[in-house]
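Just below is one structure, and these are the notes that go with it.
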Amino acid sequence: MKTPYDAALRVQRREIDEMSVAISREAGVLAAVEQAHADTRDAMRREADLAGKDVTESLVIASHGYFARKRDERRQLTGLQAELSRKLEALRAEAVEAFGTFRTIESAADAFRQEAERVQANAEQAGIDDLAAVAFLKARRAARRGDEA
């Protein structure tokens, strides 16, 4: 049964679906940044191990620039992780709110349907009662005519 709330339900469902896609996309980006951060950390550990084994002056100078660049990269990735995490949490909060709105509209639509069904059932019952009353009155008249004859 159609309700006046159907269009609002479709709009909310579409909004929830779009948020779900956005959340999935942001979670994927966050996972990629976290992996890049872990890769950078692992590369720095490997390089530190290699630098510790060879103590020639040229390698120390070269590794100093490498570590400075990698620390900067790691700092940028950490900032990006924090930003993406905040954005993901905001999207999740919006999704929770949108789902709450959806449930509220859905409840209103269900209440509308139940009320419409109740009104229809009452009308059907009233029609049945009227038919039964007419049949009763006809039978009563017929019985009276039979008594008069």
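The values are calculated or read from the model by the stated rules, or taken from the named source; none is laboratory data. Remember, it's a predicted structure, so these values are computed and weren't measured experimentally. As a convention, Cβ positions derive from the backbone with ideal geometry for all residues, glycine included, and neighbour counts pool all protein chains shown. Each accessible area value is taken on the protein alone, full model and side chains, heavy atoms only, with ligands, DNA and RNA left out. Shrake-Rupley method; radii C 1.70, N 1.55, O 1.52, S 1.80 Å.
Does region 114-126 contain at least one residue that is over 24 Å from L30 (Cα atoms) and of a type in the set (V, I, T)? Yes: one or more hits.
When D54 is tested against (1) modelled with pLDDT under 95; (2) open to solvent by 100 Å² or more (accessible area, probe 1.4 Å), only condition (2) is not met. Each residue in region 104-149 was checked for being basic (K, R) and surrounded by 11 or more Cβ atoms within 10 Å (Cβ to Cβ), and 1 pass. Taken over region 9-55, the criterion of being of a type outside the set (V, I, T), closer than 30 Å to Q120 by Cα and out of contact with any Ser or Thr (no Cβ under 9 Å at 6 or more places or on another chain) is satisfied by R10, R13. Pairing residues of region 16-35 that are over 21 Å from T101 (Cβ atoms) and free of Cβ contacts under 8 Å to residues at least 24 places away in the same chain with residues that are basic (K, R) and open to solvent by less than 30 Å² (accessible area, probe 1.4 Å), at Cβ distances under 7 Å and at least 6 apart in sequence or on separate chains, gives no pairs at all.
Within region 66-105, track down each residue that is within 22 Å of A36 (Cβ to Cβ) and either outside any helix (DSSP H, G or I) or touching a residue at least 60 places away in the same chain (Cβ under 8 Å) (or both).
Listed by number, the residues that qualify are K87, L88, L91.
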